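Here the structure is laid out as structure tokens; the discussion comes afterwards.
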Amino acid sequence: MGSTEEDTTTSKPTYLYDAASSTEPLLFKPTTSSAYPSPPIEEPPQSDPSESDPTQSLQISFNYGPRPFKDLPFLILFLLFVLCTFAFGIFSIFHRNDNYTNVSAFTYDSNSTSCVQDTSFLSSQIWVSETSFFALSSSSLWTYLVWTLVITSVLSVPICLLLLLLLKHYTKQIVYVLLPFFIIMPVFFDVYWFVACTLSSSCSDAFPLVYRILVLVFILLIVGVIIWIIVANWHRIELTVRIIGVASDALSRNLGLFLVIPLLTVGLVAYYASIVVFLVFSRFNGKIVAKESNGEYTCVWKQDSWVPAYFALAILTMLWSLTSMVEAQVYVTSGTIAQWYFSKDDTKPHRSIRRSLRNAFGPSSGTICLSGLLVFVVRVVRAAVDSAREEDVPGIVNLVLRCCVNALMSAIDFLNKFTINFAAITGEAYCTSARMTYELLRRNLLSAVFVETVSTRLLAGVIFVLSAVYAIAVCAILKGVSDLGVNMYTVAALAWVLLILVLGFFVHVLDNVIDTVYICYAIDRDRGEVYKHEVHDVYVQLPISRNSRSSYPSRTLDV
């Protein structure tokens with residue numbers, strides 16, 4: 001069944017190959033009529049055509065047509081892990097021994113040389129558990145906590161949308177207004193805690209004056225570091241504000257991502273819940289046996305031998321699934337934003353999110369699994385290296401090994417930075433995407449790693465200030481409507497954590513948009529085209545912003 005959209009999109013070629021022009025440079029000079037000229041770029045030296053990579057003759061663009069499956073072995077391996085986890089999990093449910101929770105109710109019977117159950121002890125334990133549960137449920141703290149978290153969850157959606165709208169239209173005003181609060185908020189909370197703890201007898205007894213002073217000074221030192229970071233990067237803040245504004249505009253034109261990305265997270269949580277259920281029931285696989293110690297017999301639980309191996313398999317599957325889902329979200333975001341970028345008009349392409357989802361969980365699913373596996377391995381190896389560093393194992397061999405591992409992990413991060421973004425645009429395999437991304441950025445004299453991290457720090461500061469203001473408001477409301485006492489600080493702190501997690505997810509999506517627009521801009525420069533003029537206004541200054549200071553005003557582009 002064809003549609004108008006498919007007929008128009010599939011007619012666009014993915015790559016244009018011209019054997020006669022294989023020796024010509026891919027970086028075409030923009031026409032003189034372009035309103036956004038790029039800075040002069042030194043063309044790379046010509047190489048022997050017979051030794052050049054075939055990918056050098058490809059013009060990169062968004063692949064609207066059908067995509068072949070890539071990196072299938074890793075998809076098959078991932079599905080094998082998942083199938084084994086679910087198969088053994090279902091087996092553990094039907095093979096469970098319900099006496100696992102009643103081990104203490106069993107006693108050793110010398111006549112039968114086995115363990116028998118004492119039913120009176122079991123019924124008393126159930127009654128005590130139910131009484132404790134109902135006592136906990138009637139707590140006012142629990143009631144206020146649940147309602148506060150529910151209201152925070154509901155309000156987090158309009159807060160994110162309002163923040164996106166403000167960042168789109170008033171980025172500079174928002175950043176410069178909230179920038180002083182990056183200093184005021186930590187200092188306020190630090191001094192407030194110091195005074196409150198000094199006036200409270202229980203807190204002052206738990207924390208002597210020396211420890212309170214150390215905490216006060218430590219927080220002030222952290223604030224000093226924040227001030228130094230702001231001062232050191234002041235020359236980049238203006239450009240960073242414009243980058244955030246461009247990314248916010250791109251994200252606001254694809255608001256469907258705010259529905260799809262959270263739904264993917266909800267699907268991951270449901271997937272995790274089933275595996276957690278399997279892990280719980282796998283502990284029920286075993287039997288109660290008698291154990292002799294010093295001539296006395298006791299009843300203990302003996303787990304089946306396959307349960308520890310299943311735990312290891314299920315945990316590995318969960319970690320791999322987590323990193324793969326994160327990469328899938330990046331893929332969907334990149335594919336959707338790239339379709340908007342490469343559209344000639346400002347209208348959002350039809351079914352762009354559906355197309356990205358179909359590609360992510362179809363032809364490129366193996367690429368996503370491979371990327372998730374690499375990210376998972378990097379995290380595990382780095383955790384092991386950090387653990388070894390904390391143990392402070394002496395020896396030159398251990399030091400050299402740590403240096404080599406860190407260098408290898410940094411190289412993998414280096415290659416993985418924009419690989420998924422590029423794969424979402426072209427549909428290429430992981431290794432091909434990594435190589436072509438590096439070559440694309442190298443040909444255009446752009447950084448192979450996007451080091452413009454000031455935007456992430458600024459956004460992190462913005463969400464910290466907003467969530468702190470929300471926590472203060474929650475604390476004031478609870479103080480007026482409840483009698484929780486000091487427990488209101490716990491409820492307000494949990495509301496702050498929940499809101500900062502939601503806003504942190506929003507910042508993560510916005511960071512992916514920034515990276516995607518950066519790659520699309522690099523493709524534009526490589527093709528000598530300008531799809532989005534407002535993007536070129538900002539991103540064309542990135543290399544100059546990173547490599548020069550305000551003492552070189554003559555290098556600033558007047559676009």
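Read-outs throughout are calculated quantities, based only on the coordinates presented, and are distinct from any laboratory measurement. Given the structure is predicted, the values throughout are model-derived calculations rather than measurements. Neighbour counts run over all protein chains shown; Cβ positions are idealised from the backbone, glycine included.
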Modelled FRET efficiency - R0 45 Å, D537 with S153, Cβ distances, 0.05 increments: 0.75
³J(HN,Hα), Karplus 6.51/-1.76/1.60, whole Hz, each residue of the stretch 248-253, x for Gly, Pro: 5, 5, 5, 5, 5, 7
Among L255, F284, L316 - extreme Cα towards positive end, dipole of the stretch 250-341, charges at beta-carbon: L255
HN-Hα J in Hz across the stretch 525-534 - Karplus 6.51, -1.76, 1.60, θ = phi - 60°, x for Gly and Pro: 5, 5, 8, x, 10, 9, 7, 10, 5, 5
Amide H partners (placed H, <5 Å) of G286, local residues excluded: N97, D304
Entries in K70/K172; K172/K479; K344/K417; K70/K344 that, when Cα-Cα distance is taken, lie over 32 Å: K70/K172; K172/K479
Qualifying chymotrypsin sites (Phe, Trp or Tyr not before Pro) for the stretch 202-243 [loop in DSSP, other Cβ within 10 Å: at most 12]: none
Stokes-Einstein D in µm²/s, Kirkwood radius over Cα pairs - the stretch 232-313 at 20 °C with 1.002 mPa s viscosity: 116
Potential lengthening between A206 and T107 on full extension [0.36 nm per residue; Cα-Cα distance subtracted]: 31.2 nm
Convex hull volume of the stretch 214-363 per residue (C-alpha atoms, cubic angstrom): 226
Simple label model, 7 Å out from Cα along Cβ direction - A270 to I213, nm: 5.8
Residues of the stretch 399-418 with amide N under 14 Å of the 7 Å Cα→Cβ point at A384: 401-406, 408-409
In nm, spacing of pseudo-spin labels at V277 and F91 (7 Å Cα→C-beta vector): 2.0
Approximate spin-label separation L259-F311, in nm, with each point projected 7 Å along Cα-to-Cβ: 4.3
Cα centre as origin, Lys/Arg/Asp/Glu Cβ charges: the stretch 452-525 dipole, Debye: 180
Estimated FRET transfer efficiency (T198, I477; beta-carbon r; R0 22 Å; 0.05): 0.25
The stretch 473-480 - phi-based ³J(HN,Hα) in whole Hz, Karplus 6.51/-1.76/1.60, Gly and Pro as x: 5, 4, 4, 5, 5, 5, 5, x
